[in-house]
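Undergrad: Quick one: structure below, then a few questions.
The values are calculated or read from the model by the stated rules, or taken from the named source; none is laboratory data. Nothing here was measured: the structure is a model prediction, and the numbers come from that model. Counting neighbours? That spans all protein chains shown, and the Cβs are built from the backbone with ideal geometry, glycine included. Remember, those area values only see protein heavy atoms, side chains included, never the ligands or the DNA or RNA. Shrake-Rupley method; radii C 1.70, N 1.55, O 1.52, S 1.80 Å.
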Amino acid sequence: MVNYLVFLKRYLKLFLKLIIFFLLSILTQIGGVIYVVSEILVSSRVAFYRIKKFVLFIVLYVLSTFLVVPNLAPIFGREKIKNNDLVKACSFFTIICNRNYVTPELHSTIQDIAKVSNSTYHNIELVYLDANFPFYDGFPLVPHLSHNDGKKIDISFIYQNEKGLITDKKPAIFGYGIYEAPKLGEYDQTKACKKKGYWQYDFAKYLTFGIANNELKLSEKATKDLLLAIVNQQKVRKVFIEPHLKNRLGLQSSKIRFHGCQAVRHDDHIHLQL
């Protein structure tokens, strides 16, 4: 009986470590590998080994994220998005989780879009959400279906405050999940997709954790101008937003398309790809 309990304890411990490995890999791509390295380097026989493993993991992860990965990514045809006066990440989570890598071609396109947008709206920056991981084509960026080759990125809508002034602030902490739902008389794509059984279509609403900047409203004019700046870039091939927003904003470009019910709704952000 004692041997059985010891075996069960070891099995559960290993199972927990596997879960941690997969979660870190899914969230950050590199976190799982660094977790394994920290497990190997710190013996469970030393005093306070759990604390030491945790500290070592944090140190190795931070050093890798900010010093090692940016220098290795170009080998895989990716580069880190530069945050500057024109472009910034919506959340530090995107940066610390290495979800801010794109191909050089997309990187230059983002900067060009930002310059066009900033020439009209001088007080705002182009705010991006998730982009891609730094390594390997085909490695999934959960929960996205297609952010796996460095050629896709999500861009935030532009909002205005209670005074009607354009602002860089966003209604959701990660930029996802606060929707610009269809108005009365507009086509409800979400309802149509969920009726077909695509339950995940509005899953992003759970990423807000109930936190929202309720005083912010979509700036339809500024968001339309941003979309026009995007589609006018020759290298941009596709742009995804919800059909009701395309119609509401009066956008005619053939580049702006419906993404399909198998994805999630796009009335909280803009998806663009080369």
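Undergrad: Please enumerate the residues belonging to the range 130-172 that are in contact (Cβ under 8 Å) with a residue 12 or more places away in the chain, aliphatic (A, V, I, L, M) and open to solvent by 30 Å² or more (accessible area, probe 1.4 Å).
TA: Scanning the range 130-172 gives V142, L145, I166.
Undergrad: So, one more: For the range 28-69, enumerate the residues that are within 30 Å of L106 (Cβ to Cβ) and either touching a Gly at 6+ places or on another chain (Cβ under 9 Å) or surrounded by 17 or more Cβ atoms within 10 Å (Cβ to Cβ) (or both).
TA: Pass one, the range 28-69, residues within 30 Å of L106 (Cβ to Cβ): 28-35, 60-69.
Across the range 28-69, the qualifying residues are T28, Q29, I30, G31, G32, I34, Y35, L60, Y61, S64, T65, V69.
Undergrad: Need pairs with beta-carbon distance below 6 Å; first residue closer than 11 Å to V127 by Cα and within the range 73-91, second outside any loop (DSSP other than H, G, I, E, B) and open to solvent by 60 Å² or more (accessible area, probe 1.4 Å); sequence gap 6+ or separate chains.
TA: none
Undergrad: Having 1 or more residues that are within 23 Å of K170 (Cα to Cα) is the bar; report the helices (runs of 4 or more DSSP H) wholly within the range 46-110 that clear it.
TA: So the answer is 92-96.
Undergrad: Mind checking which pairs have a first residue in the range 245-266 that is more than 18 Å from F157 (Cα to Cα) and a second that is among the small types (G, A, S), Cβ under 9 Å, 6 or more apart or different chains?
TA: Correct list of pairs: C261/A192; C261/G197; A263/S146.
Undergrad: If we keep just the residues of the range 229-245 that are within 22 Å of the chain's Cα centre (by Cα) and farther than 22 Å from G150 by Cβ, which is surrounded by the fewest Cβ atoms within 10 Å (Cβ to Cβ)? Before the answer, list the steps.
TA: Here is the first cut: in the range 229-245, the residues within 22 Å of the chain's Cα centre (by Cα) are 229-231, 233, 235-243, 245.
Now narrow it down to the ones that are farther than 22 Å from G150 by Cβ: 242-243, 245.
Details: E242: 23, P243: 19, L245: 25.
So the residue we want is P243.
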